[in-house]
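Only one structure is covered here, and it is reproduced in the block below.
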Amino acid sequence: MAMIKKKTNADMFSFLPDHVISLILSFLPFIDAARTSVLSKRWRHIWHATWMLNYKEPVVETFSLSFTNPGEYRSDMENCLRFAILRGTRGLYLDFADPSWGEDEFDPHLRLFQLPTFVYKHKVLESLKLFSCRFDVSEFSAFSVLKDLSLGWVEVRSSSLKALLMNCPLLEGLCLKNCWNLGDPDISGPNLRLRRLIIDKCSIDNHIILMAQKLQYFKYSGLVKSFLLEDQPDVEEAELDFGLESEFDNSGYCGDTLQDILRNLYSNTLTVCSYMLQELPSGEEPLRLYPYLDDMRHLILKTSMHSYELCGLSFLLKSCPGLEMLTIDLGPARIFADYEPPFQIQSHVFWAQHIPFIDCVRETLKVVEVNGFKGEPNEIELLQNVLRYGCVLERMRINVIKSSDSDPTYQWRAQMLQYFTKASRRLQVVIS
């Protein structure tokens with residue numbers, strides 16, 4: 001009886017060959033077949049041979065595939081792509097980058113996967129992402145309706161970039177992430193439809209040429225480079241992050257470069273990093289920018305409110321006479337030990353000395369939002385003086401930092417703001 005019981009409880013599937021198990025799984029719903037991958041190491045990949053047969057949806061709107069080191073599974077990758085193409089996908093997102101690659105490094109990495117030629121024949125593609133995937137730029141002319149393109153962890157020479165822009169006349173969004181050998185990228189042309197441009201940690205030689213008439217959003221993250229923007233119209237939003245810089249430039253070159261960028265990049269909303277707050281006043285104009293940033297309505301600061309950032313923050317507020325909204329995102333920042341302020345400062349009275357002479361605080365600033373509030377002295381002093389001199393201020397929102405080790409006094413310090421002198425009778429202070 002014991003022997004019979006043992007045979008009855010035996011896992012009979014273990015004795016079946018893989019192709020028979022695949023056939024059985026093909027009768028299961030797609031989700032149930034995928035769930036069998038957790039049964040054992042052997043079962044992890046068996047369902048791959050059947051999932052495309054089970055997928056019953058007539059159209060796959062978007063198809064995403066992330067796979068590290070795809071070289072050994074090229075045929076599987078191509079089968080997945082054929083499935084997506086046959087289902088008429090309009091969004092194709094391929095990411096073969098290794099998660100261990102450093103975000104802040106510019107070293108080229110080996111790309112083990114080549115975009116198959118049959119993908120270029122898929123002319124209805126509207127959105128394409130290629131990370132660590134080789135491609136033939138001359139074939140991009142087939143993507144006549146492509147509107148959004150993201151390239152990452154690949155070599156993109158300036159000539160290739162120019163060809164991409166010409167071959168994809170309907171392109172509205174372009175993201176370049178960790179691309180190398182860009183040279184001096186030229187993103188310009190009278191017929192460009194580009195509305196959204198992101199250049200994130202790419203290797204660039206000296207400058208970026210930008211002239212896109214319809215551009216609405218521009219983000220740059222990387223080392224300080226010159227921006228040639230003389231004919232670039234206003235953009236709705238710009239984000240500048242030079243956090244890759246490793247040292248403070250005492251020569252004034254970086255400060256002058258950053259001031260030139262702000263003079264020529266007209267935007268309604270601007271996000272700046274801690275490096276800019278420290279470096280901006282080292283340029284030719286140490287106190288404020290001339291001419292003023294008259295179009296600026298919303299300023300977003302990525303800052304730790306360190307004493308070394310105060311001059312830069314004051315610089316920007318004095319340069320934006322029409323500012324209506326100020327957002328302060330508090331968090332860790334790289335503070336440079338060799339920083340030199342443009343003038344002597346006393347942090348405990350800094351804002352009491354400067355806020356009364358900042359036009360936007362007295363005349364136009366309506367909304368202030370602080371995220372990650374702790375109630376450090378520099379935070380309290382700034383907000384106290386904004387409350388005292390903000391004559392048209394309507395709302396101040398304080399979002400106290402929330403974490404497992406948050407100090408309960410953070411909330412108490414935020415509540416103290418309710419009792420400070422306020423210049424505006426319409427002001428509402430919200431604390432959360």
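Just a few scattered comments:
- Rolling a 1.4 angstrom probe over the chain with all protein chains present gives an accessible area of which 52% lies on carbon and sulfur atoms.
- Global dimensions of segment 272-378 from alpha-carbon coordinates: Rg and Dmax equal 13.0, 36 Å.
- For the chain, the calculated P(r) over all alpha carbon pairs, in 20 Å bins from 0 to the bin holding the longest distance, is 21, 41, 28, 8, 1 percent.
- Cut-off 20 Å, label 7 Å out along Cα→Cβ of Ser75, residues of segment 108-131 by amide N: 112-119
- Against the empirical curve 2.2 N^0.38 Å, the C-alpha radius of gyration of segment 142-206 lands at a ratio of 1.03.
- Straight Cα distances below 16 angstrom link Lys121 to the aspartates and glutamates Glu78, Asp136, Glu139, with same-chain residues fewer than 8 positions distant left out.
- Enclosed volume per residue, in Å³, of the convex hull spanned by Cα atoms of segment 262-330: 72
- Over the residues of the chain, the helix contribution to mean residue ellipticity at 222 nm works out to -7000 deg cm²/dmol, using -39500 (n - 2.57) for each DSSP H run of at least 4.
- Short-range pairs are left out: with C-alpha atoms under 8 Å and at least six residues apart, the relative contact order of the chain is 7 percent.
- Arg425 versus Leu110: modelled label distance in nm, points set 7 Å from Cα along the beta carbon direction: 7.4
- Inter-part distance where segment 186-246 and segment 85-133 are each reduced to a Cα centre, Å: 23
- In the context of the full protein assembly, Ser40 retains an accessible surface of approximately 50 Å², using a probe radius of 1.4 Å and ignoring ligands and nucleic acids.
- Neighbour net charge for Lys302 - beta-carbon separation under 13 angstrom, K R +1, D E -1: -2
- Under 16 Å from the Val349 label point (7 Å along Cα→beta-carbon), backbone N, segment 364-408: 381-382, 385
- Using a Gaussian network model of the chain in which every pair of alpha carbons under 10 angstrom is joined by a spring, one finds that among Val145, Val59, Val38 the greatest mean-square fluctuation is at Val38.
- If you run the Gaussian network model on the chain, springs between alpha carbon atoms under 10 Å, then out of Thr409, Thr89, Thr364 the most flexible one is Thr409.
- Accessible area (Å², per residue) of the chain, counting only protein heavy atoms and a probe of 1.4 Å: 50
- For segment 199-321, the spread of Cα positions along each principal axis, largest first, Å: 39, 34, 24
The values are calculated or read from the model by the stated rules, or taken from the named source; none is laboratory data. In this text, all values refer to a predicted model and were calculated from it rather than measured experimentally. Counting neighbours? That spans all protein chains shown, and the Cβs are built from the backbone with ideal geometry, glycine included. The accessibility values were calculated without ligands, DNA or RNA, using every heavy atom of the protein model including side chains. Shrake-Rupley method; radii C 1.70, N 1.55, O 1.52, S 1.80 Å.
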